[in-house]
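One structure below.
The values are calculated or read from the model by the stated rules, or taken from the named source; none is laboratory data. Quick caveat, the model's predicted, so the values are computed rather than measured. Using ideal geometry, Cβ is built from the backbone for each residue, glycine included, and neighbour counts are taken over all protein chains shown.
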Amino acid sequence: MTGTGGPARDTGRTDQYRTDPERRARWEPGDHILWRYRGHVSGPAGRAFHICRPVTVVQDTDELLAVWMAPGTECVKPQLADGTPVHEEPLATRYTAPRTTARARWTGNGVLKLAQPGLPWSVWLFWEHGWQFRSWYVNLEEPRTRWSGGVDSEDHFLDISVYPDRSWLWRDEDEFDQAQRVGLMDARTARAVQEAGRAAVEVIRSWGAPFCDGWEHWRPDPAWRVPVLPADWDRLPGRQAA
């Protein structure tokens with residue numbers, strides 16, 4: 001597979017992520033949208049976004065939303081208030097230490113994200129240098145809410161890595177358990193996440209979509225430019241359910 005759409009229209013303005021209620025229902029290949037996650041701790045204005053990744057639309061249909069996060073993309077990520085990267089904080093205080101957000105470039109290879117509407121997970125594809133396919137990554141998350149400028153979700157901590165030989169393993173079980181211990185996830189939600197994980201495992205075992213669809217052979221359109229992170233990346237637009 002290769003990128004099938006032309007490059008996003010370069011208006012020279014960040015309002016390409018507009019919230020126009022008359023915007024078409026589906027995005028075109030090459031469009032730029034935002035892929036965002038809310039934080040798990042509520043503040044005065046509710047649960048603010050703490051992850052934002054500008055991406056390029058590869059495909060948008062009733063069956064699948066596929067987007068490409070290019071190398072070098074400026075994103076927003078959470079970090080501790082003192083500047084410590086989240087993954088460097090001991091697990092015992094990782095979710096209780098004060099946090100903020102920071103802008104940073106995606107330094108790894110690009111990531112292809114695949115999301116089937118309504119499913120409580122998305123599947124990400126990773127490559128090594130030279131387009132050597134490495135693995136799929138099942139990110140368990142709240143079913144995405146769609147709005148005119150992108151999709152929003154909430155990460156559910158627990159993940160699954162899937163390899164080309166069809167083997168798989170759970171990821172971040174310790175973080176999933178810690179999130180429950182500190183009250184970021186109640187028992188009912190945790191059970192639902194575990195159920196979603198088991199459902200994803202059944203898809204892996206049967207080698208269903210998207211694992212069987214050949215996305216590991218996909219390549220981005222070389223004419224696509226890297227999306228720009230807008231100043232108002234964290235705004236709260238009116239949204240429509242996916």
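Just a few scattered comments:
- Complete set of residues in the stretch 72-86 that are in contact (Cβ under 8 Å) with a residue 40 or more places away in the chain and assigned to a loop (DSSP other than H, G, I, E, B): Gly72, Thr73
- The residue list Ala196, Ala190 contains one member that is on the phi < 0 side of the Ramachandran plot, among the small types (Gly, Ala, Ser), part of a helix (DSSP H, G or I) and free of Cβ contacts under 8 Å to residues at least 60 places away in the same chain, which is Ala190.
- Residue count for the stretch 47-78 under the criterion of being surrounded by fewer than 16 Cβ atoms within 10 Å (Cβ to Cβ) and among the aromatic types (Phe, Trp, Tyr): the result is 0.
- Pairs where the first residue, in the stretch 140-155, is under 22 Å from Val228 (Cα atoms) and the second is part of a strand (DSSP E or B) and of a type in the set (D, E, K, R), C-beta under 6 Å, 6+ apart: Thr145/Asp152; Asp152/Arg36; Ser153/Glu141
- Look at the stretch 87-98: where a residue is touching a residue at least 12 places away in the same chain (Cβ under 8 Å) and a partner is of a type in the set (A, V, I, L, M), sitting 6+ places away or on another chain with Cβ atoms under 7 Å, you get Arg94/Val86; Tyr95/Ala179; Tyr95/Val182; Tyr95/Leu184; Thr96/Val182; Ala97/Leu80; Pro98/Leu80; Pro98/Ala81.
- Scanning the stretch 164-182 for residues that are farther than 14 Å from Thr93 by Cβ and of a type outside the set (A, V, I, L, M) yields Pro164, Asp165, Arg166, Ser167, Trp168, Trp170, Arg171, Asp172, Glu173, Phe176, Asp177, Gln180.
- Checking each residue of the stretch 169-176 against the condition of being buried (at least 19 other Cβ atoms within 10 Å of the Cβ) and assigned to a strand (DSSP E or B) gives no match.
- Failed condition for Ala209, given (1) surrounded by fewer than 16 Cβ atoms within 10 Å (Cβ to Cβ); (2) farther than 27 Å from Arg134 by Cβ; (3) touching a residue at least 40 places away in the same chain (Cβ under 8 Å): (2)
- Test: residue in the stretch 21-34 that is touching a strand residue (DSSP E or B) at 6+ places or on another chain (Cβ under 9 Å), more than 18 Å from Lys77 (Cβ to Cβ), at pLDDT below 55 and outside any loop (DSSP other than H, G, I, E, B): no
- Residues (within 29 Å of Asp62 (Cα to Cα) and of a type in the set (Asp, Glu)) located in the stretch 89-144: Glu141, Glu142
- Criterion: assigned to a strand (DSSP E or B), more than 23 Å from His156 (Cβ to Cβ) and at pLDDT 95 or above - qualifying residue of Phe133, Phe126: Phe133
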